[in-house]
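Peer 1: Next up is a structure, given as structure tokens.
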Ligand SMILES: [Fe+2]
């Protein structure tokens, strides 16, 4: 089929608009962190920036598309988390610049560099979106925690402090998400009594977070 006249030819090569260079440019600064450390820190921070921006767009995706009886509270929770991630991205980009680096934060750069897997796009209702997001947030939380140690190894307590702050907030939202998915512990003795004590309600606290599977409740080790 021929193309109608006057319509611009559609780009056939999706790689044409990809970022030309994955390495951030460096600029002069009198910041006293050693040059080699600053380069490594800029790479580290740009990696966290890409992950953060990717997760931000995924959270907005959930904010727009979530459905079901829990729609409104999840719609609001996802938007609140997206606002937090937007601020995180801004702080990461500004720290890159403060260290003399180029903040690699366009959408294309983000798509090229992110370590976060794409969010599931075959889900519909609230708990499914919560699971999908919680899985990816847990990856981001682990990566941020690793970044704290890396920043310290590169002689930059300020970047370590920034990543510590971001890590604490991401952990908090992982908790908010996972709290929606928690099931009551199954205790045979409790079932026989047809109720549960306060002590039993406390069980589950302090457990290592589990990776939730689509459509299944998290299972406890008995
Ligand atoms: Fe909105």
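No value in this document is a laboratory result; all are computed from the given coordinates. For clarity, every value in this text was computed on a predicted model and none was experimentally measured. We place every Cβ from the backbone using ideal geometry, glycine too, and count neighbours over all the protein chains shown.
Peer 1: Kindly state, to the nearest 0.05, the FRET efficiency for residue 35 paired with residue 106, given R0 = 30 Å and r defined as their beta-carbon distance.
Peer 2: On the way: r = 26 Å, r/R0 = 0.85.
Rounded to the nearest 0.05, the efficiency is 0.70.
Peer 1: Taking the alpha-carbon centroid of each part, what is the distance from region 129-162 to region 92-113 in angstrom?
Peer 2: Each part reduced to its Cα centre gives a spacing of 16 Å.
Peer 1: Shifting gears a bit: Have a look at region 35-182 and give its Rg and Dmax from the Cα atoms, expressed in angstrom.
Peer 2: Here Rg and the maximum Cα pair distance are 15.5, 54 Å.
Peer 1: Give, in nm to one decimal, the length gained when the segment between residue 60 and residue 122 is fully stretched (0.36 nm per residue of separation minus the Cα-Cα distance). The partial results should precede the final answer.
Peer 2: Working: separation 62, 0.36 × 62 = 22.32 nm, distance 1.57 nm.
Residue separation times 0.36 nm, minus the Cα-Cα distance, leaves 20.7 nm.
Peer 1: Tell me the label-point distance for the pair residue 70, residue 90, using the 7 Å Cα-to-Cβ offset, in nm and rounded to one decimal.
Peer 2: So the two model labels end up 2.9 nm from each other.
Peer 1: Take 61, 173, 72 and order them by how many other Cβ atoms sit within 10 Å, fewest up front. Please list the in-between numbers first.
Peer 2: Numbers: 61 18, 173 22, 72 10.
The fewest-first ordering by Cβ neighbours comes to 72, 61, 173.
Peer 1: In the P(r) worked out for region 79-136, what percent of Cα pairs fall beyond 15 Å? Please report the intermediate quantities before stating the final value.
Peer 2: Working: 1066 of 1653 pairs.
More than 15 Å apart: 64 percent of the Cα pairs in region 79-136.
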